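One structure is given below, encoded as structure tokens.
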Amino acid sequence: MTVKYTKIFCYTILPILLLTIGFFMPLPSQAAHLNAPVHNISMEFDLETNSLSANSRIELPAGVGLRLGISNLNVSRILVNGQPGEATQVGDYLDIHESTNDQEILITYNKIIPPGSAQYSMINESGITLSDQWYPIADREVLFKLTALIPDDFEAISEAEDIISFQIGNKKQVTFRFPHPLFAINFVAGPYIITRGEFGEGKDLFAYFFPEDQELAAEYLEKARQYLDRYEKMLGPYPYKRFSIVENRLPTGFAMPTYTLLGQAVVRLPFIVDTSLGHEVLHAWFGNGVRMSPQEGNWVEGLTTYLADQAFAADKDREIPYRKEQLVKYQSYVRPDMDLTLRDFSNVGHGHSKGRPARAVGYNKSSMFFHMLKNRLGPEVFTDSLRDFYIRLKHKTGGWSDLQTSFESVSGMELNDFFSQWLDRNDVPEILIQQPEIRNNDGYPVVSFTVVQKNDTPYTLKLPVIIKTPTEEIQKILSVNDSPSTFEIPLASIPETLIIDPGYDIMRSLSPSELPATWSRFSGAVNKIAILSSENDRTLYSSFLEQLEADEVHILLQDEVTDKDLAENSLLFIGTESRVSRSLFAIPDHPEGGFTLDARGNPLNADQVAVLVSAANKEQVEKAAAKLRHYGKYSYLSFKDGRIQDKRMTETDLGLQVQLVSRPAGIEANTSVAFDDIIEKLLHYQVIYIGEGHTDYEDHILQLEIIRALYKHDPNLAIGMEMFTRSTQTVLDQYMKRDMDEKTFLKESHYFKMWRFDYRLYRDIINFARHNHLPLIALNLERDTVSQVFKNGGPMSLPEDDISSLPANRKLDLPGYRERIESAYMMHAGQGQNGGFSGFFQAQALWDETMAETIADYMEIHPDTRLVIIAGRGHVDKTDAIPPRVSRRLPVSQAVVINSTGSTTESETADFIFFSSPATLSPFPLLGVMLEDTEDGEGALVTALNPQGQAKQAGIKEKDIILAIDSDPVNDMEDVKIVMLYKVKSDAVTVQIKRKKFFGNKLMEVEVSLKSEGQSHHMKRN
Ligand SMILES: [Zn+2]
């Protein structure tokens, strides 16, 4: 038990740990008032020697024993009933045994507090603060009577209803009286100027501010008055006669009976009057007025957070984001294996980072508990129950069970299950929506869906849901008692979106699309690594690295990192220049001169985050690193000289959203634009992408028509093609210069090996370029490299030469990119076992980045040339594919043209949309065989036959080797495809084959008819 009962620590001001007295479990105090011991303390100070000397006189009623903690005190005399030796000293404790008579204990002691030696105490010329152990502390509540002799230019305060001070010589004597027993008290004195105000019905309000902060006092008094009035109205009368706001030289955020003690640095922060001050004021009711029962957990912080911090956010219409931030924080720090329940939460936790999970339970989950309770009972019953609780237990201790009693008696409801599921479980609901369906009933839509809880035991929930239709929003509360639970909701019009818990009214686990990447998520991640660019950065970032090491973050040099590490961990890149960082995020746009922390999703793993950190120098790192722990909820932080310049949280979905129907989009007929008008507009752009479905012939016809029209207006034109890899550029150049024929071109560019689609789809475009001497630019990456990346899960294990040939700066975290590639990956599921999604995604990104790099390089050298790009539809997406990657490298004007496929997202991904009629090529002449290259490089091996194909009918068999077709020799499967390309109009071909026989090989010729084979553009079959 580490709670100091009279001092409620609020990490909303300063997340530092509450010092523990920690020497015993205090005894409960019900009815203690009547025979409470009385503890008279009188003390004086010597500021020069940082010391106090004091007498404690304790009046102990008959039948009461006492244990006193005297650690850290220099005790010079102990008298019990005027006699020494009547007390038993055990280490730091002093035991006074109960007696049939009243007893009097007298203890004389002093204490020196050297500057900087105590966290919450000091004695010097600038002021006195006594918050650690400074007098013999009893193991039960006692009535305090305190008298202090202080310098006459000081004012003093302690827990007191009445404070009387008068001059004695050149000193001031101050006497404090408090009529309720307390476990402990605190004492503060300094050169304060006291400003007086008033609240309620003539109650005293004071500000004890240092002279240098006088101008702040008026606002503190006014805001405190508003809070006191607010909570008196809500909960009942303030429990004491006076309230003071006291400035402290030491950094505290404490609420004691009758006053709050705020650090001077805290007081000067402009937002404290609107946030923490109200929280501390409310502790007068909860925490001090009703104190925590030592037998039960801490309900105080959650209730105070809810009625203060959450309520203040609600005053500013920020209650939904506020609750969402609470859920993000909870999810960042608390994992099921931690086994933290709300009922077990007793204090703010030990240390900075280790206490974060406990605080996320004790403040955030607890605040959500009260929010759900309010929604369950209604706001009036909720508030009435709290009043009942407060009035019943004022100046006593109370626990969760007392709260439950008040809520049950006022509401007349049985709440045991509700309290139990939220207080005693260590998990929170994890909700999925499955099988969303729309059917029609009498012509009206009915939406049905299943709510699944991934938890072992389902929660009982009142789950808010919104269904959005084009004309209205329907709100419902679903009673979920089991998992799965299926719901049906009849509607008047077709629903577009289903949103579960849009207002964050339920304590639950957030779905990936609701969860922003934040600094707290890295801090709380189980699997995390930090990646250093170089050894030099160890010095530059040393202060930050020390914090990481204290948090047990594994720190690696970039050369030690594998593709697997990247795909399985939350990542922290120290310095943004590293090869690894650039391979995922290119060069982020961080401001110069300060310190920037930039949290994003890990593009290779949706459950993990990646944080990019950059800094100008060691000093900037030191100044910012000291502050980072206050900013866990943010995604992006920029500091200069330790002061925050910019702080942002990435926007994510509000509520658990399920898209139901997207209705077709259209255009007005009179807004459609003629072909020539579009060409006119396209002439304003330097790079024009014309996307294609590779086998959609109408797309290729459109490409050719646009190229022809652009050329007519301006012959300074080049064509870039996805279909050729960059290493074949010289072959393309030779072919354009007419230094080789088409067959040689196809053979040497390995068109059929690399691309495989029917060459006739591209032939006219290429021939047009050739005829008009237009440059043809090969854009693509080597297929072997791609397949290695695909297989290995990333490029890290490629040979060094291959790595250095790749674009070094690659950006995988463009919004929507990962999701788009992931849905493509799902459709290819089963192909990607080796490198998984990480490999698939890295390969896709390498394609896009390589093509973008080639385009940017070309445009840099040829700024006056217009470049038309022929590439697959997915690569020309202007939001996340090649175009933004070109812009990143070079400022050029770009336009994207596609043929419509009817998708509603086309207006976002393209600039110009055509509606072409479908077109088909004549069927490609097929033999009806599957082929492989032979090992000796002679001929093409037949591995399978189409059972209905012409080759089979002509007598070709499996394992035959094709040596020639008509008179053209065949050395490999590519040759077969090239030869067949020219057989379009033939009726039949003569195929020379070699067939392995028992006694040697047999050469034979068969005639294969090319009629009636079905159409296929995919050239794997031939
Ligand atoms: Zn608090």
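The values are calculated or read from the model by the stated rules, or taken from the named source; none is laboratory data. These figures come from a predicted structure and were not determined experimentally. Because the Cβ atoms are built from the backbone with ideal geometry, glycine has one as well, and the counts that use them run over all protein chains shown. Accessible surface areas use protein heavy atoms only, side chains included; no ligands, DNA or RNA. Shrake-Rupley method; radii C 1.70, N 1.55, O 1.52, S 1.80 Å.
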- Query: Do you know which residues across segment 484-502 are open to solvent by 10 Å² or more (accessible area, probe 1.4 Å) and not in a strand (DSSP E or B)?
  - Reply: PRO484, LEU491, ALA492, SER493, ILE494, GLU496, PRO502
- Would you check if LEU557 is touching a residue at least 24 places away in the same chain (Cβ under 8 Å), buried (at least 17 other Cβ atoms within 10 Å of the Cβ) and among the aliphatic types (A, V, I, L, M)? no
- Item | Flag if VAL381 is hydrophobic (A, V, I, L, M, F, W, C) and modelled with pLDDT of 95 or more | yes
- Out of curiosity, is ARG387 under 23 Å from the mean Cα position of the chain (by Cα) and open to solvent by 10 Å² or more (accessible area, probe 1.4 Å)? no
- Message: For segment 264-279, give me each residue that is more than 14 Å from the ligand (Cβ to nearest atom) and under 31 Å from the mean Cα position of the chain (by Cα).
- Response: ALA265, VAL267, ARG268, LEU269, PRO270, PHE271, VAL273, ASP274
- So, in segment 292-303, of the ones that are open to solvent by less than 10 Å² (accessible area, probe 1.4 Å) and away from the ligand (no atom under 12 Å from the Cβ), which residue ends up nearest to ARG318 (Cα to Cα)? GLY297
- Message: Regarding segment 451-465, can at least one residue be identified that is among the basic types (Lys, Arg) and in a strand (DSSP E or B)?
- Response: yes
- Query: Which condition breaks for PRO807 when tested against (1) in a helix (DSSP H, G or I); (2) without any contact (Cβ under 8 Å) to a residue 60 or more places away in the chain; (3) farther than 23 Å from GLU568 by Cβ?
  - Reply: (1)
- Query: For LYS324, which of the numbered conditions (1) within 13 Å of the ligand (Cβ to nearest atom); (2) open to solvent by 10 Å² or more (accessible area, probe 1.4 Å) fails to hold?
  - Reply: (1)
- Subset tally (residues that are within 16 Å of PHE595 (Cβ to Cβ) and open to solvent by 30 Å² or more (accessible area, probe 1.4 Å)) for segment 520-541: 2
- Item | Candidate set: segment 842-875, residues that are within 35 Å of the chain's Cα centre (by Cα) and open to solvent by 30 Å² or more (accessible area, probe 1.4 Å); chosen: the one nearest to ILE898 (Cα to Cα) | ARG873
- Query: Checking LEU282 against (1) more than 13 Å from the ligand (Cβ to nearest atom); (2) modelled with pLDDT of 95 or more; (3) over 23 Å from GLY524 (Cβ atoms), which single condition isn't satisfied?
  - Reply: (1)
- Message: For the condition of a type outside the set (Asp, Glu) and farther than 20 Å from HIS371 by Cβ, what is the one hit in SER448, SER479, SER411, SER406?
- Response: SER448
- Residue, farthest from GLU198 (Cα to Cα), within segment 229-253, restricted to residues that are more than 16 Å from the ligand (Cβ to nearest atom) and part of a helix (DSSP H, G or I): MET234
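One line per residue, one yes/no per condition, for (1) more than 21 Å from the chain's Cα centre (by Cα); (2) over 16 Å from GLY524 (Cα atoms); (3) hydroxyl-bearing (Ser, Thr, Tyr):
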site	(1), (2), (3)
PHE573	no, yes, no
SER578	yes, yes, yes
ARG600	no, no, no
LEU604	no, yes, no
ALA615	yes, yes, no
- Which ranges mark the strands (runs of 3 or more DSSP E) fully within segment 510-620 that have 2 or more residues being closer than 24 Å to LEU798 by Cβ? 528-532, 554-557, 570-574, 605-615
- Of the criteria (1) without any contact (Cβ under 8 Å) to a residue 40 or more places away in the chain; (2) closer than 27 Å to LEU931 by Cβ; (3) under 36 Å from the mean Cα position of the chain (by Cα), which one TRP755 fails: (3)
- Matching helices (runs of 4 or more DSSP H) fully within segment 876-986 where at least 1 residues are open to solvent by less than 40 Å² (accessible area, probe 1.4 Å) and touching a Ser or Thr at 6+ places or on another chain (Cβ under 7 Å): 906-909, 950-954
